[in-house]
Amino acid sequence: MNEAILKTQELKKVYGGSVVTEALRGIDLEVMRGNFTCIVGPSGHGKSTLLHILGGLDRPTSGKVFLDGVDMTQLSDNELTEIRLRRTGFVFQFFNLVPNLTALENVELPLMFAGISANKQELKAKDLLDLLGLADKLNSKPNQLSGGQQQRVAIARALANEPDILLMDEPTGNLDSGSGAEVLDYVVRVNKEGKTIVLVTHHEGIAERAQQIVRVVDGIIQ
Ligand SMILES: Nc1ncnc2c1ncn2[C@@H]1O[C@H](COP(=O)(O)OP(=O)(O)OP(=O)(O)O)[C@@H](O)[C@H]1O
Ligand SMILES: [Mg+2]
């Protein structure tokens, strides 16, 4: 258990354009397998930038990111796409569900892309929605679900391909405190099932539930 599933070395990100922004200025981070890590820090200080790079959604300007020992910065675009499909799961503040698909179909979607048979898609998706407390909402469309329920569908979808790590950017940022707390309870449950989780949040209350708190200020870890 005691090994880093994610590790960064001297990670830097500079955004170019008319204004040059040093969003990350040398991040050294370790996330242990099975841990629940929260990234906190002021707005605009590099949290999302860091999370996107950890998930293979973006590339750093310099430095290294090891996912299970493999340096993601050395991978081709195609290899990075594979990582995003199979190794990392992403949840965003806005749930990004497909509006005309049911909860079940939304969770089946990544399984379909991965070439899983229809039977297995359904079994897996039902299992996950059950884990997220949505066994009675399989056939509901997103607009028939509350914000918290939609976010739980998004979490189930992110878990569909059994990623090594679940990355979440302000997953409760768009929810009232009640549904936010409920979603957090499910996040903790998913972590207890063994999933490694990295979650970006503004809420200290959420960070308190994590095993590791990483404070990113001005692009570096404090
Ligand atoms: N695509 C981009 N192009 C240029 N600058 C960017 C881009 N994305 C982010 N930045 C800049 O990089 C810095 C860090 O942004 P980032 O989104 O990582 O902050 P954050 O900590 O997630 O903020 P918030 O809490 O408001 O979500 C900011 O100054 C931002 O303006
Ligand atoms: Mg952000």
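Considering only the stretch 85-112, state which residues are surrounded by fewer than 16 Cβ atoms within 10 Å (Cβ to Cβ) and under 25 Å from I5 (Cα atoms). Let's see the steps before the verdict.
So the first thing to find is which residues in the stretch 85-112 are surrounded by fewer than 16 Cβ atoms within 10 Å (Cβ to Cβ), and the list is 85-86, 94, 96, 98-101, 112.
L85, R86, listed by residue number.
Every residue in the stretch 8-26 that is surrounded by 13 or more Cβ atoms within 10 Å (Cβ to Cβ) and on the phi > 0 side of the Ramachandran plot, please.
Step one: filter the stretch 8-26 for residues surrounded by 13 or more Cβ atoms within 10 Å (Cβ to Cβ), giving 8-14, 21-26.
If the condition is that a residue be surrounded by 13 or more Cβ atoms within 10 Å (Cβ to Cβ) and on the phi > 0 side of the Ramachandran plot, then E10, G26 are the ones that fit.
With respect to the numbered conditions (1) modelled with pLDDT of 95 or more; (2) small (G, A, S); (3) away from ligand 1 (no atom under 12 Å from the Cβ), which one is the sole condition not fulfilled by G69?
Condition not satisfied by G69: (1).
Is it the case that some residue within the stretch 112-120 is touching a residue at least 40 places away in the same chain (Cβ under 8 Å), within 16 Å of ligand 1 (Cβ to nearest atom) and not β-branched (V, I, T)?
Initial filter on the stretch 112-120 (touching a residue at least 40 places away in the same chain (Cβ under 8 Å)): 114.
If we keep only those that are within 16 Å of ligand 1 (Cβ to nearest atom) as well, we get none.
Scanning the stretch 112-120 turns up no residue that is touching a residue at least 40 places away in the same chain (Cβ under 8 Å), within 16 Å of ligand 1 (Cβ to nearest atom) and not β-branched (V, I, T).
Within the stretch 1-120, which strands (runs of 3 or more DSSP E) (wholly inside it) include 1 or more residues that are within 16 Å of ligand 2 (Cβ to nearest atom) and over 27 Å from E208 (Cβ atoms)? So that I can check it myself, show each step before the final result.
Values: elements: 4-15, 21-32, 36-40, 62-67, 88-91.
Once the strands (runs of 3 or more DSSP E) in the stretch 1-120 are filtered for at least 1 residues that are within 16 Å of ligand 2 (Cβ to nearest atom) and over 27 Å from E208 (Cβ atoms), what remains is 4-15, 21-32.
Condition first: among the aliphatic types (A, V, I, L, M), under 18 Å from I39 (Cα atoms) and away from ligand 1 (no atom under 16 Å from the Cβ). Now tell me which residues in the stretch 156-189 satisfy that. If you could, list the steps in order and put the result at the bottom.
Applying the first criterion (among the aliphatic types (A, V, I, L, M)) to the stretch 156-189 yields 156, 158-160, 165-168, 175, 181, 183-184, 187-188.
Those still in the list that are under 18 Å from I39 (Cα atoms) too: 165-168, 181, 183-184, 187-188.
Across the stretch 156-189, the qualifying residues are I165, L166, A181, V183, L184, V187, V188.
Any idea which of (1) away from ligand 1 (no atom under 12 Å from the Cβ); (2) within 19 Å of A207 (Cβ to Cβ) is the one D28 doesn't satisfy?
Just one mismatch for D28, condition (2).
The values are calculated or read from the model by the stated rules, or taken from the named source; none is laboratory data. Keep in mind that what you see is a predicted model, and the values were worked out from it rather than measured. Positions of Cβ are backbone-derived with ideal geometry, glycine not excepted, and every protein chain shown enters the neighbour counts.
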